[in-house]
Amino acid sequence: MKLTPIDPGKKISLSDKAALPPRSLDADDEVLDRKMDKLRARLDDLQSALYAESKRSLLVVLQARDAGGKDGTIRRVFTSVNPQGCVVTAFKAPSTVELAHDYLWRVHAAVPAYGMIGIFNRSQYEDVLAVRVHKLVPKKVWKKRYDQINDFERMLTENGVTILKFFLHISKEEQRVRLEERLTDPSKNWKFQAGDLDERELWDEYTRAYVDVFRKCSTKDAPWFLVPADRKHARDYLVLEKIVSTLEEMDPKYPKADARAEKLISKLE
């Protein structure tokens with residue numbers, strides 16, 4: 001199975017069943033690990049060429065419910081890349097300074113420079129998700145933001161930024177298991193926040209908000225991909241495969257040496 005863009009014209013299901021991996025990926029984790037090792041090696045090669053070319057960039061957007069696996073996906077998918085050509089931005093509650101600007105100000109500042117792979121852990125979509133669910137601004141304000149975000153993303157793509165948006169979809173039961181792990185595992189206690197349980201109570205409200213995001217903002221310029229994320233290895237494989245295939249389509253090239261470099265080489269002989 002390969003991920004395909006969400007078609008906003010078709011029914012979008014965020015059921016628990018949609019969080020399960022397809023049968024084609026119902027393999028032993030070691031099998032997927034070997035496949036991912038090959039994909040990581042290919043990602044490393046493509047990233048090196050993208051960095052050297054320095055004319056375009058790739059932006060990977062990760063959205064998920066609490067405990068959906070954004071951190072784990074970043075860690076496992078991008079473990080092979082050169083940190084010099086990759087930057088991760090985590091969008092948390094906006095600061096006082098950020099709130100003094102328009103909601104896209106902090107996002108635009110984090111868009112990856114040419115040659116870079118940028119990864120957003122949450123994104124501009126929090127302003128039509130959390131902001132909507134918690135009624136932080138009136139509906140007449142957040143309702144306009146779908147078109148504003150589409151215009152923003154189209155501007156980026158027209159200026160050399162390729163955008164991939166992934167929703168890591170977990171079931172309510174799997175979220176319960178992962179939240180319990182945060183409470184019982186000393187290495188994960190730091191991740192748990194009491195607010196996570198409050199957010200869980202708003203499961204249906206977030207479902208409706210996400211469906212509207214996909215209907216209104218899965219575009220040709222910046223498509224959304226629904227990733228079944230209950231099984232971590234399958235989740236990571238699907239995201240990695242899509243990133244690699246997208247970079248292959250971008251086909252970055254190493255710059256050719258100029259005449260001055262050739263002259264310098266001749267002096268070494």
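Looking at Tyr51, Tyr114, just one residue is more than 26 Å from Lys188 (Cβ to Cβ), among the aromatic types (Phe, Trp, Tyr) and not in a loop (DSSP other than H, G, I, E, B), and that residue is Tyr51.
Against the test of being closer than 18 Å to Gly68 by Cα and either without any contact (Cβ under 8 Å) to a residue 24 or more places away in the chain or of a type in the set (Lys, Arg) (or both), the options Ala194, Ala234, Ala229 yield a single qualifying residue, Ala194.
The set of residues in segment 86-107 that are under 25 Å from Val227 (Cα atoms) and part of a helix (DSSP H, G or I) contains only Val107.
The set of residues in segment 83-113 that are under 18 Å from the mean Cα position of the chain (by Cα), farther than 19 Å from Leu129 by Cβ and not β-branched (Val, Ile, Thr) comprises Pro83, Gly85, Cys86, Ala109, Pro112, Ala113. Of the numbered criteria (1) among the hydroxyl-bearing types (Ser, Thr, Tyr); (2) under 24 Å from Val244 (Cβ atoms); (3) surrounded by 17 or more Cβ atoms within 10 Å (Cβ to Cβ), the one Tyr114 fails is (3).
Answer yes if at least one residue in segment 139-155 is touching a residue at least 60 places away in the same chain (Cβ under 8 Å), crowded, with 16+ Cβ neighbours inside 10 Å, more than 19 Å from Asp71 (Cβ to Cβ) and touching a Leu at 6+ places or on another chain (Cβ under 8 Å), and no otherwise. Yes, there is a match, as at least one residue in segment 139-155 is touching a residue at least 60 places away in the same chain (Cβ under 8 Å), crowded, with 16+ Cβ neighbours inside 10 Å, more than 19 Å from Asp71 (Cβ to Cβ) and touching a Leu at 6+ places or on another chain (Cβ under 8 Å).
Can you tell me which residue within segment 236-261, out of those that are at pLDDT below 95 and in a helix (DSSP H, G or I), is surrounded by the most Cβ atoms within 10 Å (Cβ to Cβ)? Selected residue: Ala261.
For segment 60-83, the count of residues that are more than 30 Å from Lys172 (Cβ to Cβ), out of contact with any Ser or Thr (no Cβ under 7 Å at 6 or more places or on another chain), of a type in the set (A, V, I, L, M, F, W, C) and not in a helix (DSSP H, G or I) is nonzero. Check segment 171-190 and report whether any residue there is part of a helix (DSSP H, G or I), polar (S, T, N, Q) and modelled with pLDDT under 95. Yes.
Here Ile119 meets the list (1) in a strand (DSSP E or B); (2) surrounded by fewer than 17 Cβ atoms within 10 Å (Cβ to Cβ); (3) in contact with a Leu (Cβ under 9 Å, 6 or more places away or on another chain) almost entirely, failing just condition (2). Scanning segment 213-235 for residues that are closer than 12 Å to Thr73 by Cβ, surrounded by fewer than 22 Cβ atoms within 10 Å (Cβ to Cβ) and of a type in the set (D, E, K, R) returns a single hit, Lys232.
Summed over segment 1-16, residues that are more than 18 Å from Tyr206 (Cβ to Cβ), of a type outside the set (Asp, Glu) and in contact (Cβ under 8 Å) with a residue 60 or more places away in the chain total 6. Scanning segment 98-111 for residues that are within 22 Å of Phe78 (Cβ to Cβ) and loosely packed, with under 15 Cβ neighbours inside 10 Å returns a single hit, Ala109. Against the conditions (1) under 17 Å from the mean Cα position of the chain (by Cα); (2) closer than 26 Å to Tyr206 by Cα, Leu20 satisfies every one except (1).
The values are calculated or read from the model by the stated rules, or taken from the named source; none is laboratory data. Because the structure is a prediction, the values reported are computed rather than measured. Using ideal geometry, Cβ is built from the backbone for each residue, glycine included, and neighbour counts are taken over all protein chains shown.
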